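Working notes for the structure below.
The values are calculated or read from the model by the stated rules, or taken from the named source; none is laboratory data. No experiment lies behind these values; they were computed from the predicted model shown. Ideal geometry is used to build each Cβ from the backbone, glycine not excepted, and the neighbour counts take in all protein chains shown. Surface accessibility is based on the protein's heavy atoms, side chains included, excluding ligands, DNA and RNA. Shrake-Rupley method; radii C 1.70, N 1.55, O 1.52, S 1.80 Å.
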Amino acid sequence: MKFDTIKPFLCALAVWFVFAYTYEAAYAGLRDNTLIDAGKHFIYSTSLTPIDPNIKKASLGSKLFEDVRLSFNGKMSCALCHIDKFGSSDGLRNSIGIGGEGEGSERLDSDGLVVPRNSLPLWGRGESDFQTFFWDGKVEKEGGKVRSQFGDYAPSNDPLTVAIHLPFVEIREMVNDDYEVKSSLKTESVKSAEKIYDRLLERVKENQEYVSAFDELYFLKLDEIEFIHIADAIKVFIQSKFRLQKTRFEKYVKQESVLSPDEVAGGLIFFGKGKCVSCHSGRHFTDFKYHSIPFVQAGFGKNGFGVDYGRFNVTHDPDDLYKFRTPPLTNVEKTAPYGHSGSALTMEEAVIYHFDPLRLISTENMTPLERSEFYKKLLASSEDSELIPYLDDDEVDTLILFLKTLSYEESSE
Ligand code: HEC
Ligand code: HEC
């Protein structure tokens, strides 16, 4: 065989070797066993819940999720605060509920009532190991029973189904805060809730498309349809649309893909020096426990006058003042603003709030009294931040590169 004939093959082989060598050299150090081992506890895209394969039920749920008729004034739906573009949150510090119009920041210009908390995304919420809902865990499964505002009258023993019931009857969220409501319905009591469910159920029953769907999918005649069936369809929709998917980090752990040196360095801070994993643990990146971290309050506050007592609202135990459920970090890159009241506008601010909140707040324009109150509250909500060491700006930037690897690659929109 002539040399000329094999020359192109030899060249190609040489190029391949050079490429493989450089690639290896660039990424060899990145198969970091410490990070891979740490990440093995986070094999999270595999569903633990047998997801209902019934696409038709999910599609019915999706329609109900988007249907404005299922709100008191006929203008509000779940989908207006859980928006694809914002990673199933709403892009606002505090949500804007009933009376509001538009999407994201458009709602700020409307007359909607402020819901004094940051909207939570829905990823992974349909999994059976996700049993604690809302910033303060006001719906949770404990000792095999669901604990919620419904007390002994919980509509279901499945916490997600109960959580889905709540926005429909929550004043400001999907129920007006006006004279009619106040005079005819005792605020947020179980009986009042039932009245609202009945009213919304009637609207569903007036819609032939829904009636046929409940007949076909749930084998129910018109007078057998109840609110729980509406909640069930929405649950199937949440389980299917917001199921966990593979992130770049998971692919890295399973050695299906690589991360850049900085992303690996960020991961090592997350699992190491930064101690992030002591709370943001498990496949949802939360321990489902409550901690006080000095995220200051943005907006009115659940308890009024810029105060949100957090977990205390549920337990009335002073030890729980200013504690909030560790938020999951799945797709965190897309769900800004952050924290229970959205006081952190960026991931960087969210991380810094954990250990150096004063850097983010100017106290200059406060009166001495306001300043003193502010410091007291900050101190009271800092109990668990002692655990987190000071991180310099480079470390924070590196951590954020890692947090971005917790996003889904395929568009979640
Ligand atoms: C006005 C905006 C708004 C509307 C409308 C709304 N939500 Fe939400 N959603 C929120 C906010 C804000 C939170 C966090 C509330 C809290 O923790 O107190 C939340 C939390 C949740 C959670 C808990 C997630 C978690 O991580 O624990 C679920 C589930 C949920 N919403 C489902 C729904 C469904 C289903 C509907 C329609 C029936 C709906 N939401 C309507 C704003 C809204
Ligand atoms: C002691 C438990 C704890 C530790 C340790 C911890 N966090 Fe958090 N983290 C929380 C809690 C609780 C919140 C919510 C605080 C609030 O809203 O008041 C939070 C909020 C966040 C948020 C905002 C998420 C959202 O959706 O709003 C991010 C991002 C975050 N933490 C990242 C980190 C990183 C990175 C580290 C390590 C440097 C870390 N956390 C360490 C408990 C912890």
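Within region 69-78, identify whether any single residue is farther than 30 Å from ASP262 by Cα, aliphatic (A, V, I, L, M) and without any contact (Cβ under 8 Å) to a residue 40 or more places away in the chain, and answer yes or no.
The answer is no; no qualifying residue exists.
For region 62-96, name all the residues that are among the β-branched types (Val, Ile, Thr), in a helix (DSSP H, G or I) and under 23 Å from SER341 (Cβ atoms).
none
Looking only at residues that are among the basic types (Lys, Arg) and within 16 Å of ligand 1 (Cβ to nearest atom) in region 273-293, which one is surrounded by the most Cβ atoms within 10 Å (Cβ to Cβ)?
ARG283
Suppose we keep only residues that are over 19 Å from ASP397 (Cβ atoms) and hydrophobic (A, V, I, L, M, F, W, C) within region 331-370. Which one would you say is nearest to ligand 2 (Cβ to nearest atom)?
Taking the candidates together, the pick is ILE361.
What are the pairs with Cβ atoms under 7 angstrom where one residue, in region 207-235, is touching a residue at least 24 places away in the same chain (Cβ under 8 Å) and the other, located anywhere, is open to solvent by 80 Å² or more (accessible area, probe 1.4 Å)? Sequence gap at least six, or different chains.
LEU217/LYS56
Anything in region 51-91 that is within 16 Å of ligand 2 (Cβ to nearest atom) and of a type in the set (A, V, I, L, M, F, W, C)? List them, or say none.
Result: CYS81, ILE83, PHE86.
So which residues in region 224-272 are charged (D, E, K, R), at pLDDT below 95 and more than 16 Å from ligand 1 (Cβ to nearest atom)?
LYS246, ARG248, GLU250, LYS251, LYS254, GLU256
Enumerate the helices (runs of 4 or more DSSP H) found wholly within region 108-210, keeping only those where 2 or more residues are open to solvent by less than 50 Å² (accessible area, probe 1.4 Å) and β-branched (Val, Ile, Thr). Walk me through how you get there before you give the answer.
Working: elements: 159-169, 179-184, 190-205.
Helices (runs of 4 or more DSSP H) meeting the threshold: 159-169, 190-205.
Could you list, ordered by first residue, the pairs with Cβ atoms under 7 Å in which the first is in region 128-141 and among the aliphatic types (A, V, I, L, M) and the second is assigned to a strand (DSSP E or B), at least 6 apart or interchain?
VAL139/PHE133; VAL139/VAL146
Could you list, in sequence order, all residues of region 295-315 that are more than 19 Å from LEU360 (Cβ to Cβ) and among the β-branched types (Val, Ile, Thr)?
If the condition is that a residue be more than 19 Å from LEU360 (Cβ to Cβ) and among the β-branched types (Val, Ile, Thr), then VAL314, THR315 are the ones that fit.
Exactly one condition in (1) under 28 Å from SER240 (Cβ atoms); (2) modelled with pLDDT of 95 or more is false for SER412; which is it?
Single failed check for SER412: (2).
Looking for whichever is on the phi > 0 side of the Ramachandran plot, in contact with a Ser or Thr (Cβ under 9 Å, 6 or more places away or on another chain) and of a type outside the set (Phe, Trp, Tyr) here; the options are GLY102, GLY112. Which one fits?
Sole residue among the options that is on the phi > 0 side of the Ramachandran plot, in contact with a Ser or Thr (Cβ under 9 Å, 6 or more places away or on another chain) and of a type outside the set (Phe, Trp, Tyr): GLY102.
Would you confirm, using the coordinates I've provided, whether LEU48 is in contact (Cβ under 8 Å) with a residue 60 or more places away in the chain and touching a Phe, Trp or Tyr at 6+ places or on another chain (Cβ under 9 Å)? Talk me through it step by step, then tell me what you get.
Values: in contact (Cβ under 8 Å) with a residue 60 or more places away in the chain: yes; touching a Phe, Trp or Tyr at 6+ places or on another chain (Cβ under 9 Å): no.
No, not satisfied.
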